[in-house]
Structures are given as structure tokens and as C-alpha cells.
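Accompanying notes for the structure given below.
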There are 4 protein chains.
Amino acid sequence: MRILTAGESHGEYEVAVVEGFPRGVKIVNDLIDRELKRRMSGYGRGARMVIESDSVKIVSGLRNKITLGSPIALLVKNYDHKIFTQHKDGLNPITTLRPAHADLAGSLKYGERDARNILERASARETVARVAAGSLCKQFLSNFNIRVASYVSAIGAVVSNKRPQNIAGLVNAAALSPVGAIDKAKEKAMIQAIDKAKVAGDSLGGVVEVWAGGVCPGLGSVMHYDKRLDAALAAGLMSIPSVKGVEIGLGFTYAALPGSKAHDAITYKSRRGFAHKTNHSGGIEGGISNGETITARIALKPIATLARPLASVDIVSKKSRNAAVVRSDTCAVTAAGVIAESMTAIALARAFLEKFGGDSLKEIAANYKNYLKTLK
Amino acid sequence: MRILTAGESHGEYEVAVVEGFPRGVKIVNDLIDRELKRRMSGYGRGARMVIESDSVKIVSGLRNKITLGSPIALLVKNYDHKIFTQHKDGLNPITTLRPAHADLAGSLKYGERDARNILERASARETVARVAAGSLCKQFLSNFNIRVASYVSAIGAVVSNKRPQNIAGLVNAAALSPVGAIDKAKEKAMIQAIDKAKVAGDSLGGVVEVWAGGVCPGLGSVMHYDKRLDAALAAGLMSIPSVKGVEIGLGFTYAALPGSKAHDAITYKSRRGFAHKTNHSGGIEGGISNGETITARIALKPIATLARPLASVDIVSKKSRNAAVVRSDTCAVTAAGVIAESMTAIALARAFLEKFGGDSLKEIAANYKNYLKTLK
Amino acid sequence: MRILTAGESHGEYEVAVVEGFPRGVKIVNDLIDRELKRRMSGYGRGARMVIESDSVKIVSGLRNKITLGSPIALLVKNYDHKIFTQHKDGLNPITTLRPAHADLAGSLKYGERDARNILERASARETVARVAAGSLCKQFLSNFNIRVASYVSAIGAVVSNKRPQNIAGLVNAAALSPVGAIDKAKEKAMIQAIDKAKVAGDSLGGVVEVWAGGVCPGLGSVMHYDKRLDAALAAGLMSIPSVKGVEIGLGFTYAALPGSKAHDAITYKSRRGFAHKTNHSGGIEGGISNGETITARIALKPIATLARPLASVDIVSKKSRNAAVVRSDTCAVTAAGVIAESMTAIALARAFLEKFGGDSLKEIAANYKNYLKTLK
Amino acid sequence: MRILTAGESHGEYEVAVVEGFPRGVKIVNDLIDRELKRRMSGYGRGARMVIESDSVKIVSGLRNKITLGSPIALLVKNYDHKIFTQHKDGLNPITTLRPAHADLAGSLKYGERDARNILERASARETVARVAAGSLCKQFLSNFNIRVASYVSAIGAVVSNKRPQNIAGLVNAAALSPVGAIDKAKEKAMIQAIDKAKVAGDSLGGVVEVWAGGVCPGLGSVMHYDKRLDAALAAGLMSIPSVKGVEIGLGFTYAALPGSKAHDAITYKSRRGFAHKTNHSGGIEGGISNGETITARIALKPIATLARPLASVDIVSKKSRNAAVVRSDTCAVTAAGVIAESMTAIALARAFLEKFGGDSLKEIAANYKNYLKTLK
């Protein structure tokens, strides 16, 4: 499965083409739109997010809402497009580089003196296309009872150590919280931290944990390093704007534990088959899913655009300048959850299709069923 | 640049083929062997490591020690190979699954009832081929004054917060320490922790930080999520056996800081050009190198094989069994440093070749020089 | 450069996303539309082609008509879309398999009992997206004076042996002919052959020759078989619907010649540098462009849909049926020329970008100029 | 399945690494060696070929002759290696460019003034690694009764129009002929043509036809142009040194036929299921295998090295020189057959694995069996 995305933040559309998606999968547009809405939500978003309401249009790959096996092209309109094009030649050039954005690195890479030519694509707006593609993957995976969900475990310095009981509990709990937390006790403190940062003209990052339940053992590979599921997951998660850290299972906590307390003992029960007493590994061992829930965490740096601007430089004059003050979010950690779920669903769907082959859902399901029989 | 590796731990050779490596690069075999030696060293390794001495043999791609632009095939002999083949049909089957290894997930994936058929390739021995390939990449990058080095910042619960002054200081300091640390004060405690774990029949993990200095801005891309340098780096580092977490720059620390304290202000100085006041981002912004030193950290879980075995199951009888007690290392964090450097060098060389094109070192150098002129 | 296309023949849009296209290239929409028009033209097309008029809409990757280096998304509306969607659930099922189409192979592959679910994507309509992407590549290549053109050398049994003098002559001559021929003497016979086939309810194929002039030596590679330019070209050309044969240079004629008459002697002239006395090789030796005009020929089987239908089978009842009689073209060889040019331009642009690297047209041009200096 | 090859003609080894080959396939080394021997045979080869006897050594990926699912590394020794290394710094530089070789294009590409640095890898000797990898694929495919074979249908101007009855007949007939022909009547003329060319200091090319029997419908795809089986086959065959033309089924003959005589009518018989009355398409329609025997033809240009040398130029002095006279073959068309079979087997194995997924032969066979049931 190959996915290409396209789209500038003030361009006409965000676009995704998903090639290699199997035939015969029922696609519900509303489920995609719900994910797009989740992507815009979360306490701490700017005013813009409130008015916007993204909606996907699928222009190929479906007939009567069922996939054809052909490439699926998804379009999502950008509501700011008109504002952009009302100007004679687009918006004015931006020459003051905004720290912590792609402005400097991108401008140097492309020999550019108008950072707008970088930031239009560098904007997190591009994740719309990933979320739409991720929703397709989720809908595919749901045929095999694989569910992907996430929750916020930290906003700035407010950290919750509460973990969900299981994937079902996670799906329900996180959706109810304005910050996407499952820890009611910490939720209030998180909201307060965002309020405080907003007043101070500051911004916050945080930590999101993503879970994938119902994944059979055997996805990914230990046979070549670049086919490992953990590597694919790490690449997908680290590619999310603002993400600077990725953990699988215990992650960095592993480093401090002795082996005797770190590792997951193996068990066998006649009904469930092979399993583990604990799930410190986060469901992946040797680069292969091991049948336990896959758990990963990502660290997000604070929003780069601040109301109280950072010191910077003008790319043309080379003189010191303060970064522009643009309307922006105070905190987008909650929204990052749905993007993380999308990247996880994409990685899993790809590994699933590699393992089970097949061109249609029916054929894949038959292959999958065959394999499950061999596990016990 | 494409790299394939091959080799079982008791097979005849570890093999790497590096395709797309440019013409005209001088390759010093001794530099590869030095890296292979570093890979076997570090306080806490088992007795086996002491006797072994890996040495690379390059069987294609070079003429008079200069690369031809053709694929480079590297062979490293496995010294245990003879022991393996003295048995009539290889070594005996292993049916008791070792926790925290690929034994369970791999056996289920492949419908296997002898875990040896999994572990031969799942062994960390395969990283020999990566380190050899990584050394080629380091030698290529050194033509552009890019240097990759690493140090150990934690062994088990012993954590050092000391950071190197710069890449030159790092190269020298870490090499002098038996545990690869740059913090003399903590080095002793680290060694003691390993000794203690060994006596207890336990094992330790830790944290390694890898740096790449001299990287020009502009490697990687913000234009498509799967071309980002941070994603490539995360995939490479997470693919190292035992790695469960990856951070770039401040990593998870970022999550707790407000934007005003987190981000790197941009500066311009006539001699150096654009730069940053701090380097919290770890040299990558928007998925693109920004000209600062690239810094990444990895978390390693403790060695999976324990002298005091973990509870497990026999894959054939399904009965509870203790995992086999095999001679093993107590701690391999130091060695993981050189593997992390290798994966970093591979990711950087690939990004460098994509940015600058060219078939020969001479052509690449001309393209590179052209580009550098545009940066100021 | 990665290209994904999407679109069913009665879907809303044909879509292409072109990722990895360099920054700073001026794109003229009219040039794309002109190619789309050429794709619909040629003597022997059905009535449908006359009314249609494809037009591209670029929804990302450009600002003020200049590429941004971000993915370029192209949309072309399908005019039959409305007819398709006026039906309650799309058009009626097709169960009689049409010979020489993808109907049988595709239906078996996907476990499908309505061939419409195959043919919507299998239709040659999908080449619209390739031609649009190919035009982008042509516009890029024109910055380096690389020109791609084609002509028809055979329609059915009417074969012309006339070859163009040079690329400039080819561009002008073929455009003037209703069948795309450069041989005025044979053009009339070709038209008559088409007329005759139409009256007989039959269809015709033919031969197209595509040329690429101005290609510097050094594109492609002899170092690994799957990086050869001839392999890339063959794959691209063979992937065109109806193409069953590909020749480079003399092609099959080579097989009958002795070496002494087959090979191109090498010359050197101070102004031009290295060259060849003849160009039998078609500009590619050892998988690398050699500086001569690249010439390739493709054989097209006759249009599969006949007014006088072929014997076939109903996929559900398994009973013998005649294939449906659908309005169709009699001959589409002329149009295949522009598709062949597009696939050639894509292959060349990709090889060019691999050779010269660089992110912007300016950087690529500097690298290219550097390289040209080394050729003499 | 990914395959990388390495090796210079006077280097120590030809190397192939085959990654993604399934677990549980029995590999017979002698079958590989038999293919390597076929690659060196055929009437018209030089004296060198008679003494050489290639033999493969598999250094990874097997245990007790069964594949492990890990990458398979294959080594084949080069017997001329010693001669090469006895010289102080390898053999002397070659500055006179040999026409019809990669000498000129390669030297310009790499900025090289010693063509030996090009020709060592450009030598057809590299096909040893492809044939070894191809034999692995043949052995895999034989588990599904897929057989790949070839025969010579033309040597120079001597053309045979005889075609095999079926794949079984082909396998037997071609092996018995010194030129690989199945037409006893033309075999003698082919041998005479080679003898005559040898006396004249000339060389010959020819035409090879490759067949793959037992291929189920459904391999390849019509859904995206670069996933078509015909495109993969064309790329693989065109990448063979000296190949300048590729046809599938009727190939260029198709161009001259009207649709009514060109296309294969579809039939259904209760025992065999869907089939075709003729097989003009060569077993591929819409880029997908259709269940008929796959047939492809390649045109080989004459051997480039002539005893009576061609006019050329010295790359350093730029002066006219005759190309060096090196011992060489007069005709290598017969040997090209086994290379064509190898590239076909690789393309088919790859398409087969994509269609059926699975990690072990057992799992693949179960998926395959499931699919076959759906075909009738």
C-alpha cells in the first residue's frame, strides 16, 4: 500500500491517494469526517478551529461505497483558500523566520527568500490527508477487530500515570474528555495549564499514548531491519509535526529496570493460546507483533508559534527581528492523538496486507482465518 | 542507496550489499574493523566477545581501495560457524520460548516449532553487517566533515546528565571509557551496577546518545512525511535490537516545557551564517537538518537472556518451562552506541546523496560546494 | 520522484499526485491541456472523443504558476461522470466478458462477478493522469533542452520506413498529420486502412516511435540491473494499455545483423565531444544514455472492442455469449504516441533527478552545468 | 522480495542477496549449478567458457537445505580473479573505448579515464548472480507447478518459426540442442551461421522466446500502471545485457493484424474453467496473468566485442583508435535464454508473493489453494 499526500494550507484541497487498498471494503464517509473533526478539536485550539469543519470527498476507488481495489483519491477542501487567492499573487512574502518551524531549514534547502513558500506545505494542515488515509486503514482493520485509539497522558508539566484497562475502555474514556485524557483527576489541571499558558502568550506540548488492540501475532519481521514493525511505527509517529520522541511499551522506563523486572513472562492458556503475563514490550518483540496490545507514546514539543514572539532573523536583510505574532493554538496535543492513531493504522494496515496478501477483503479474510488456526 | 544484509549467527558469514554507493571514495578496511571491534566491546559483555575478533572482507565494489560505484559486498566470518556445523544437522531444536526475544512472535509468524530457526537470524549478531555498512557511510560522510559519535548516558538506574561540549570532544571522551561514558563521576557507578547485576544473574539496559556534527542544513524534507530526516532516523534507531525509545533533541523533555523556554531562537553571524542560540531541536526542524549538531537518544531494554531464567512455555508441549540459561552479556549498552552511530550514518548518507545527487565523490563534492555558497 | 494516479473512467476525476518534483519550475497549464487534447485526437477515434475536451486543474504544489517542491496534485474531470451517477447505483452489471480486455483476468483476480468493477479502472481513460504527469516532466526537461516527440510508423499492415531527420523535424512533421505520421506517402494508405476497418466493424493497431533529443550521456546505470534506463523505459512503455512490444534503437532488427554492421562506431569532435557515427543503439548503451537521441518503438495490438463481436462467455452463467458491442474507436495508435511520450518523459525526468540531485531548478541547473563541463 | 547483486568480472565473487524469500522452501544447490552451467554453454562461446565451471555457495538463509525466511546470500567464485590480482594494482588501464559496450557512456557518467573501472561491472559476468537468484525463484515456483523454459528462435538471419506444443515439450526439446533451438531443421543452419561469423571475425545476435507454464490467473495488476505484470516482465528482460527488444505474445506481429484476427476468444469448460481459444496475448491481459502460458520474446544485438575491431576513440588522447581485440564469444544467444528465464522467474515469484502473501511455503500454499477454489 502506497500513500501520497498533497496540499498547501491555503491551497484548494488537501489530497491523498491510497494505492494498493484491497477490494470489497465498505467505506463510511462519516467515519472519516468524524476523524477530521477530532483532528480539529481539543481544548486549547485557536478560534479558527471552531468555525472550520472538514469534510472528505472521495473521487475514485469506490463504487456504491465499496472499494474497487483501485487507487482511492480523497479530497478535503481548505476553507482559507479564498482568502489566499483574493490577493493578486497570493499573500505577502514572509521574510522573518519563525523559530521552531521549518522556515529556516526549508528556506536554505530550497534557496528561498519567502518563507511562505515553505510554510504553506510545512503547516500541520497537511495532516488532514494523513488522517483521511488513516481512517480508511482503520475501517479496513476493523474487519479484523483491530482497533486503534489514543489518550493524552501529559499536557506540559501536568502528567498522568493512569493507564486504560483495555482498548475498549480507552475508546470510550478519551472521547469524553475535552483534552483527551482518561484521568479525570488530572484533566482539570491540564485545562488550567492551557488557560494559564494562553494568558501568558505561551504554548504547551505534551504526551500522547496510542494503543492498537486485537492485533494478531506475526505482523512485521525480524528478518530484515527495515521490515520491523517497530521501525515502521517509529517512522510514522516521528513524522508527525512537533513529535520529538517515540516510545514503544515501557520505552525509556525500560532503560532503568533490571532484566528480571523488565521482561514479559510467556504463558499458555487453552482458550487464548500463547500470551504474556505483562505487556511491557508494548506488543512488539523482535520487530514482530506478539499478540498483545500495541502501545506507543509520543512526545510533542510546544506549539512553535507564540503570542509572545521569539528572537529571530530576517532572511533577506539578515537583521534581528522578532518572529511574527500569528493567531495560533495554545496546545494541540489532543489533536495529535488522532494523527498518531492514523499513522499507527497506516503502519498496521501495511504490515497486515504484507502478511496476508490477497486482493479482496474476502480473500484476505480467508487467508487470515487460515493463519489464526495455526496459532494454537 | 539500498542496503541488504544477510546472515545467521551460526552461519558462515554476515553479509551486507550496499548498492548506490558513489564512485571514488577511499575505503580503509581497518576503519571498518575498528568499528566491528567497538561493537564487541564495552564493560559487561560475556566471555565470548573477548575471544572474537571480527574482520571485514570486501569482495566487490572496490579497486585499489577506491569505490567503483558498483555494489559493495562485505563479508564477516562467524567464528561459531564450525561448532554449528559439527552437529549432524545443526544444533538441537529449541522449544522453550525465551521471553523478550523474537522466539514466540517469530515462531507463530512462521508456523515454527523449533525456535532456533527464528533466533539464528533474530540474534543481534546481524548488526555486524549494519556496522560494516555504517562504516562505509561514515567514511563517505567524512569527506564532508560530517562526524558521527555516541556516548552512554545511562546504565540501568545510573543516569548521567553530563553532555559533551561538541562533537570533537565527544569523539575523544567516549572512546576512553570502558562503558562509553563521558561522565567520569558516573562511570564508576555504572561499572558497579553492571558488576552487581552480573552477580545477581540479572541484566541491564540503558541510554545512548548519538551525535552527528558538521551536517549542513537541508537534508531530509518537509514536503512529504515519509521523506523527513527525523522519520528516517527514528526508523533506523528503533530497528536496533532492544531499542524501545527514540528521542531527537530534547525529546520527551520538550513535552514538559512551555514554548517560551523550549524553542531555539534564530541568529545570523556573518562568518557562520544562520544558526540557533540553543539546540533543543537536536538539529532537525520540520523534518530537515537545520545546520546544528544532530542529537538523538535511544533507550535500550535490558539484555533478554538472564542467568536467572524467566517463566515461559514449551512451544510443542505448551507446558510451563523456565527459559534456558545461556551464556550471555550482562549489559550491551556500550556496544549499542556503535550500532546507533551506524544507523545514523546510513540515514545521513542516504539523505545526503538524495540532496546532492551525483555519481562520483568528485561530482558530489562539486554539487555540495555549489550549495554551500547559497547558504549565506 | 513518485507518481500515483487514480480514477475510474466514469468516476468524477482522473487524479495524479507527483511527489518529488523540484521547486522553481514554471508550469503552463495550457501545455498540459494541449497534451490532453492530443491524447484524444487522431484519425479513427470514436464520436465520443470529438465532444470531449479535457482540462487539467492543479490543486497543489504551485504558487503563481511556479512549483513549490511540494507534491503536485492534478485533477481532470470525467465528462461521463453524470451519466454514471444518474443511475440508482451506477450502471448495470456487465457479466459477458470482453475478450482482449482485463475483464476475465481481473474478475478472477478479485473474485468479481460484475466486470464493470474491473473495467472502470482498466479503461485507457486512466492514461489521462499519466499524460498530465508526463507533461509536467516534459516542462521540467525542457529547461535542459530535452524534447520528447513521437510519430506513427505503422497502422495495421501499412508500414512506413521513413524516419525523421532529427528531433526538431519530428516535432513539426507529426503534428501536421491526422494519423501522426511523418510519411506523407503512407499517410493516405493509413487513413484508408482505418476507414476500411471501420466499415468492416473491425479495429487496427500499429507502431509508434518515440524520440527524446538533447539527453546528456550518463542517465541510468550499468551498476545494477534494475537501475538501467532501458529497463525503466521498457517498463513505462509496456505499461501502456494495448502495448505488446518495445524496441530500443534497432530492436529486433539488431538480431539479424552481424556485429560488424550493427554497432555504432565512436567518434570525437572538438565541438560536440564524444559521439557515434550511427545511432543503432537508440541512445542507450549498457543501460546508460550515451548522448545520442533516444529512440524506442512500441507495438500496439488492435482496439479490443469490435463492432463485430468476438466469442466469449458469461461470467455468472458460464454460457457462451458474444461480447457486447459498444461504441468504440477503430484505431487509437496516434493517441498512443502522446502516452508513450509521457512515459518516456517520466522515465527521463526520474533518471535526470537521480543523476543531478538538487531541490530546486536553480540548484539542479548548477549541478547539470558542472557535469557538462566534465564531458569534454 | 528484494534482490541485490554485486560483483566485478575479475573480482573475487559474484554475490546475490535475496530478501523476502519465504520460509520452508527446499533448495537444491545442484539445480542452481545446472543453471549456471547452462549460462556458460551454447554453441559459439569462447574458449574461456569451456574451462570454467561455476558453482554456488549459499552462506545464509538455509538450514538443512530448507529456507529460513531470512535473506539468502549466494556467492559464486570468479576464476579469473587471481589473474587480476597478480598485477600490482590490477590490470592495466583501458583507454580505447569499445563501441556497443558501456565504456563511453559509463566513463562519461563517472568522470572516468580508465574504462576498466566501468567494464568490470558492466560485463555480462554479473548475470551469474541473477541466474543464481532466478534459480531460487524457479525452485519456489515449482511448488506450484509453474515452469519457466526458453528456446532460441533465431541466430542472426536464420529464423525459425516453429513453436513448442506446450511447456513440457519445450523443456525437453531445447535442452537437447547445442544452440537451444527446438527446430531441428534450422539448428544446422544456425550452427553454420555461427561458424561463418567466427571465421569472419564477426559476431551474431538472435532471438530467444521464454515461456512460463502453469501460471494461475491474477498475478500482476491493472489498478496501477507500475504494478502490471507485463511492465515488470519487460523491465526484467530489457535489463539483460544486449537485449534491445521485448515482445509479449504476438508482440509486433499484433500491430499488423485486424482486431478480428488478433484477439483471443474466451471459453469455459467445466474441467479447466475459463480459458482462451488462442493465446496471442502471451498469457497477460490488462497487465494481469490470464491463466494461459506466458510467452515473451527478446531480441539480442550481436556480441559487441569483435575480432575485427570497430572504429573508436581513446578517451584520454581523444584520438581515433581501433577497439581492442579481446578473446570473446561469437554468439551468446543460447546462454541469454537462461538469463531470460531467470528474470522471468524473478518477476513471477515477486508477483506470486504479492498476490498470496504468507511467510512460509505452507501458509502460501494454503492461501493459493483457497484462491484456486474461487476460480471455477
Report, for C:Asn64, each distance to the same residue's label point in the other copies, shortest first and in nm; define the point 7 Å along Cα→Cβ.
5.1, 5.2, 7.2
Quick one: what do you get for segment B:2-374 if you divide its Cα Rg by 2.2 N^0.38 Å?
1.03
Per residue of B:18-26, how many C-beta atoms from partner chains lie within 10 Å of its own C-beta, taken as a mean?
3
With a 10 Å radius around each residue's Cβ, average the other Cβ atoms per peptide and rank D:279-292, D:302-315, D:247-260, highest first.
D:279-292, D:247-260, D:302-315
Determine the shielding of peptide D:128-136 by partner chains: average, over its residues, the number of Cβ atoms on other chains within 10 angstrom of each Cβ.
1
Need one value for C:110-118: mean number of C-beta atoms belonging to other chains within 10 Å of its residues' C-beta atoms.
6
Round to a whole angstrom and tell me the spacing of the C-alpha centers of segment C:350-373 and segment D:148-214.
45 Å
Quick one: compute the contact order of segment C:228-376, relative version, from alpha carbon pairs under 8 angstrom and 6+ residues apart, as a percent.
23 percent
Taking each full run of DSSP H in chain D as one helix, which ones are at least 30 Å long along their axis (Cα atoms) and have mean Kyte-Doolittle hydropathy of at least -1.0?
D:333-356
What is the protein assembly as shown by shape, rounded, prolate or oblate, if you read a ≥ b ≥ c off the alpha carbon gyration tensor as root eigenvalues and call it rounded for a/c under 1.5, prolate for a/b larger than b/c, and oblate otherwise?
rounded
Need one number: buried accessible surface between chains B and C, 1.4 Å probe, both sides summed, DNA, RNA and ligands left out, in Å² to 100.
1600 Å²
From the label point of A:Gln192, set 7 Å from Cα along Cα→Cβ, how far away are the matching label points in the other copies, in nm, ordered shortest to longest?
4.1, 9.5, 10.4
Can you compute the helix-only [θ] at 222 nm over chain A? Use -39500 (n - 2.57) per DSSP H run of at least 4 residues, normalise by all residues, nearest 500 deg cm²/dmol.
-10500 deg cm²/dmol
Å² per residue, accessible surface of the protein assembly as shown at 1.4 Å:
35 Å²
Segment B:138-196 - percent of accessible surface contributed by carbon and sulfur, probe 1.4 Å
53 percent
Within segment A:252-282, backbone nitrogen closer than 17 Å to the virtual label 7 Å beyond the Cα of B:Arg308 toward Cβ
A:257-265
Cα→Cβ-extended label distance, 7 Å offset, between A:Tyr79 and D:Tyr79, nm:
7.7 nm
Relative packing of peptides A:132-141, A:108-117 - highest average C-beta neighbours within 10 Å first:
A:132-141, A:108-117
With the crude spin-label approximation of a point 7 Å out along Cα→Cβ, what separation in nm comes out for A:Val199 versus C:Leu372?
6.5 nm
With the cut-off at 1.5 for a/c, could you classify segment B:64-180 from its C-alpha gyration tensor as rounded, prolate or oblate?
oblate
Chain C: antiparallel DSSP beta bridges as a percent of all, rounded to 5:
95 percent
The answer for C:Val56, listing residues at least 5 apart or on another chain whose modeled amide H is closer than 5 Å to its amide H, is C:Asp33
Gaussian network model of chain B, springs between alpha carbon atoms under 10 Å - residue of B:Lys37, B:Lys362, B:Lys269 with greatest fluctuation
B:Lys269
Amide H neighbours of A:Val179 at under 5 Å, excluding residues fewer than 5 places away on the same chain, with H built from the backbone geometry, are A:Tyr43
Pseudo-label separations to other copies for D:Thr374 - Cα-to-Cβ vector, 7 Å, nm
1.9, 4.9, 5.1
With the 8 Å Cα cutoff and a minimum separation of six or more residues, chain A has a relative contact order in percent of 22 percent
How big is the antiparallel share of DSSP beta bridges in the protein assembly as shown, given as a percent to the nearest 5?
95 percent
If you take the square roots of the eigenvalues of the alpha-carbon gyration tensor of segment B:237-296 and sort them as a ≥ b ≥ c, do you get rounded (a/c under 1.5), prolate (a/b over b/c) or oblate?
oblate
Using the structure shown, select from A:Lys373/D:Lys138; A:Lys244/C:Lys138; B:Lys318/D:Lys65; C:Lys184/D:Lys318 the pairs with a Cα to Cα distance greater than 31 angstrom.
A:Lys244/C:Lys138; C:Lys184/D:Lys318
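The values are calculated or read from the model by the stated rules, or taken from the named source; none is laboratory data. What you see is a predicted model; the values in this text were computed from it and never measured. Note that we place each Cβ from the backbone using ideal geometry, even for glycine, and neighbour counts take in every protein chain shown. Keep in mind that these areas ignore ligands, DNA and RNA; they rest on the heavy atoms of the full protein, side chains included. Shrake-Rupley method; radii C 1.70, N 1.55, O 1.52, S 1.80 Å.
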